[in-house]
């Protein structure tokens, strides 16, 4: 269960709050717009899970790389992905990060180190590992953070990837966002053995379980994992971040009336909400400045998406081959 | 081509090179590309063991070291994704599978990621990756070591599929595949490994999407894929005994497919027989004939036949296995009926059919 935020210096907290507020507000605005059908893509909102991506990405360099999932809005934004291009992508516009051909589930921003995300659970994990191999060969100390959910641990490819990354000491941080559900199915119906850390450590890499609401602790854990990777002194690491998805699996709404989970489950997570708690650690003036700046960024993203044009019909047949 | 009477056809000497086996042509192509481009690396189960994938990775470990030539855990799914990630990061992986059947373990990564990455990420990434695999045949290869599954990959936009049938094309296509910015499914056949052709020493590229006319004849067009290209040449020799002259075409590249060369020939002969190294149902032969059929042909209608694996699982016992595959005698018999439909009884002399196995394609290229 979440218990809150660890300590960090003021500057770090301000930076973390900016990213937390951005990821939260961006998705709240997406959820608000969604019923208008301006967004031409299914959306899998990260709301509630943002501290994981924000904490990990704050420990990364600008030239590091992340891979994400179809619930990847937070990872994209936290790594510094272009918010305007992302909103335009959701709108199916030519100005989108994938020129309107990928949508919410295939966000990409190579310039900012965001590998494309995928709608097939677990499928970006080995790709992130291959990228880490290339970065190791490059020798500039860059690393990869691979985000995936608890469902991905049920795919064989995850374990194949852990084994190979450990065997070759690849510079990759595996980040499991364990929100307890694969679509609507709880872990109780999916896992025979509940101790993920024990399973992962058996593959030969260090692993630890974290409170997914504690953005500062996640940041610290990520920093201490990736630091030694940069020098080649250390291979991969794994963190399991316990978290909770506040909205429905896909779509803008809550779904506590659907019968598969109760609103009571949400309560401790909502009480530990990192956006609220980190925000409360800042002075009102600082907080106001950060929030107004983010609100402006989100507004700009929406107007960019609105003004961007739909792709030309010729785009259908471009990019089939490089 | 070395013919049944032992006469070698003229080759264009300047480009002919020395005689090289298919298997050595593969290794030479990869070595030359690794020499040229430090981003190229070779990986896959057994690429560095003492057998070196039947010799097709021979010499690479010694020349380029374990950093660039390394084995993997079996893990085909993750190892495919690994190559895709390395390729996205700018490397040029060559992933090796000793049987094509094992590609079924790679399907998610090949179909959902490799084929689509360039498109679904709006052109911002490329996947310059080669996936080598070998089709087995004979000596009990059986159900899971014999499949020619390339039509599954032809179906998917974003993948290139190439299946060279001789040493020259093996080298030129391999170099082209490594230099290509897209994922290339490179299909080899075990029985082609020892076959020889003149192959230039220097690196060269066989351009994708251009079929090779291996033999000229005005009565019938025969298209043979992978090892069946060689079987079709043998069949053409047998048909020549009956006074029937066949055009034999190897598509070489299945995606993109050079249908124009096939149409051009079929329009001339009016008869098209496609012989696949796979099942006919939803296969490359279906695609080729459909594409020829849907073209408006001005002058004449074309009659079609196709042949492929029996619609069964491949059995191991030779008694049944020989019934499973098209062979030169059977191909020749079908070709004969296509040309002379009224006379269905002809079949080649069994002794000549046996001899036909000496036929190899050796150019001109």
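Could you tell me whether region A:73-80 includes any residue that is more than 9 Å from chain B (Cβ to nearest Cβ), free of Cβ contacts under 8 Å to residues at least 60 places away in the same chain and assigned to a loop (DSSP other than H, G, I, E, B)?
So the first thing to find is which residues in region A:73-80 are more than 9 Å from chain B (Cβ to nearest Cβ), and the list is A:73-80.
Restricting the remaining residues to those that are free of Cβ contacts under 8 Å to residues at least 60 places away in the same chain gives A:73-74, A:76-80.
With assigned to a loop (DSSP other than H, G, I, E, B) added as a condition, the list becomes A:79-80.
Yes: one or more hits.
Considering region B:253-274 alone, what residues qualify as being within 21 Å of residue B:231 (Cα to Cα) and under 12 Å from the mean Cα position of the chain (by Cα)?
The answer is B:253, B:254.
Pick from region B:38-85 the residues that are in contact (Cβ under 8 Å) with a residue 40 or more places away in the chain and farther than 28 Å from residue A:156 by Cα: which of them is surrounded by the most Cβ atoms within 10 Å (Cβ to Cβ)?
So, considering only residues that are in contact (Cβ under 8 Å) with a residue 40 or more places away in the chain and farther than 28 Å from residue A:156 by Cα, the one surrounded by the most Cβ atoms within 10 Å (Cβ to Cβ) is B:56.
Of all residues in region B:150-163, which are crowded, with 19+ Cβ neighbours inside 10 Å and more than 20 Å from residue B:176 (Cβ to Cβ)?
B:151, B:152
Which residue out of B:23, B:111, B:94 is within 21 Å of the chain's Cα centre (by Cα), more than 23 Å from residue A:137 (Cα to Cα) and away from every other protein chain (no Cβ under 11 Å)?
The match here is B:23.
Can you find a residue in region B:5-15 that is modelled with pLDDT of 95 or more and either closer than 25 Å to residue A:116 by Cβ or in a loop (DSSP other than H, G, I, E, B) (or both)?
In the first step, residues of region B:5-15 are kept if they are modelled with pLDDT of 95 or more; the result is none.
Scanning region B:5-15, I find no residue that is modelled with pLDDT of 95 or more and either closer than 25 Å to residue A:116 by Cβ or in a loop (DSSP other than H, G, I, E, B) (or both), so the answer is no.
Just one of the numbered conditions (1) within 21 Å of residue A:48 (Cβ to Cβ); (2) crowded, with 19+ Cβ neighbours inside 10 Å is not true of residue A:186; which one?
It fails just one condition, (2).
How many residues does region A:110-135 hold that are in a loop (DSSP other than H, G, I, E, B), more than 7 Å from chain B (Cβ to nearest Cβ) and either farther than 19 Å from residue B:119 by Cβ or free of Cβ contacts under 8 Å to residues at least 40 places away in the same chain (or both)?
3
Filter region A:154-177 down to the residues that are surrounded by fewer than 24 Cβ atoms within 10 Å (Cβ to Cβ) and in contact (Cβ under 8 Å) with a residue 40 or more places away in the chain, then identify the one that is nearest to the other protein chains (Cβ to nearest Cβ).
Among those residues, the one meeting the criterion is A:163.
Identify the residue in region B:114-131 that is under 25 Å from residue B:278 (Cα atoms) and either at the interface with chain A (Cβ under 8 Å from one of its Cβ atoms) or out of contact with any helix residue (DSSP H, G or I) (no Cβ under 6 Å at 6 or more places or on another chain) (or both) and, among all such residues, is surrounded by the fewest Cβ atoms within 10 Å (Cβ to Cβ).
At the first step, the residues of region B:114-131 found to be under 25 Å from residue B:278 (Cα atoms) are B:114-115, B:129-131.
Keeping just the survivors that are either at the interface with chain A (Cβ under 8 Å from one of its Cβ atoms) or out of contact with any helix residue (DSSP H, G or I) (no Cβ under 6 Å at 6 or more places or on another chain) (or both) gives B:115, B:131.
Working: B:115: 25, B:131: 27.
Per the criteria, the residue is B:115.
State whether the residues of region B:338-360 include one that is within 25 Å of the chain's Cα centre (by Cα) and part of a loop (DSSP other than H, G, I, E, B).
yes
Output yes when any residue across region A:205-212 is crowded, with 23+ Cβ neighbours inside 10 Å and closer than 29 Å to residue A:262 by Cβ, and no when none is.
yes
Of everything in region B:97-106 that's part of a helix (DSSP H, G or I) and in contact (Cβ under 8 Å) with a residue 40 or more places away in the chain, which residue is surrounded by the fewest Cβ atoms within 10 Å (Cβ to Cβ)?
We begin by selecting, within region B:97-106, every residue part of a helix (DSSP H, G or I); these are B:100-106.
Cutting the leftovers down to in contact (Cβ under 8 Å) with a residue 40 or more places away in the chain gives us B:100-101, B:103-104.
On the way: B:100: 27, B:101: 21, B:103: 22, B:104: 13.
Only one residue tops the list, namely B:104.
For region B:265-277, enumerate the residues that are crowded, with 24+ Cβ neighbours inside 10 Å and assigned to a loop (DSSP other than H, G, I, E, B). Full working, then the answer.
Within region B:265-277, the subset crowded, with 24+ Cβ neighbours inside 10 Å is B:265-266, B:272-277.
Result: B:276, B:277.
Name every residue in region B:19-43 that is under 12 Å from residue B:171 (Cβ atoms) and not in a helix (DSSP H, G or I), in order of residue number. Please lay out each step first, then the result.
Step one: filter region B:19-43 for residues under 12 Å from residue B:171 (Cβ atoms), giving B:20-33.
Hits for region B:19-43 are B:20, B:21.
Give, as residue ranges, the helices (runs of 4 or more DSSP H) completely inside region B:145-247 that count at least 2 residues that are touching a helix residue (DSSP H, G or I) at 6+ places or on another chain (Cβ under 8 Å) and in the same structural domain as residue B:310 (by TED's automatic domain parsing).
Result: B:227-241.
Looking at the structure I just gave you, is residue B:134 buried (at least 18 other Cβ atoms within 10 Å of the Cβ) and in a strand (DSSP E or B)?
Considered against the rule, which asks whether it is buried (at least 18 other Cβ atoms within 10 Å of the Cβ) and in a strand (DSSP E or B), residue B:134 comes out as yes.
Give the residues of region A:49-70 that are in a loop (DSSP other than H, G, I, E, B) and surrounded by 24 or more Cβ atoms within 10 Å (Cβ to Cβ), sorted by residue number.
Let us first name the residues in region A:49-70 that are in a loop (DSSP other than H, G, I, E, B), namely A:49, A:59-64, A:68, A:70.
Once the filter is applied, which keeps residues that are in a loop (DSSP other than H, G, I, E, B) and surrounded by 24 or more Cβ atoms within 10 Å (Cβ to Cβ), region A:49-70 yields A:49, A:68.
Please specify each residue of region A:99-109 satisfying the condition of being in a loop (DSSP other than H, G, I, E, B) and facing chain B (nearest Cβ under 7 Å).
A:99, A:101, A:102, A:108
Please enumerate the residues belonging to region B:278-297 that are without any contact (Cβ under 8 Å) to a residue 24 or more places away in the chain and assigned to a loop (DSSP other than H, G, I, E, B).
B:294, B:296
The values are calculated or read from the model by the stated rules, or taken from the named source; none is laboratory data. Predicted model only: the values in this text are computed from it and were never measured. No Cβ is skipped: glycine too gets one built from the backbone with ideal geometry, and neighbour counts run over all protein chains shown.
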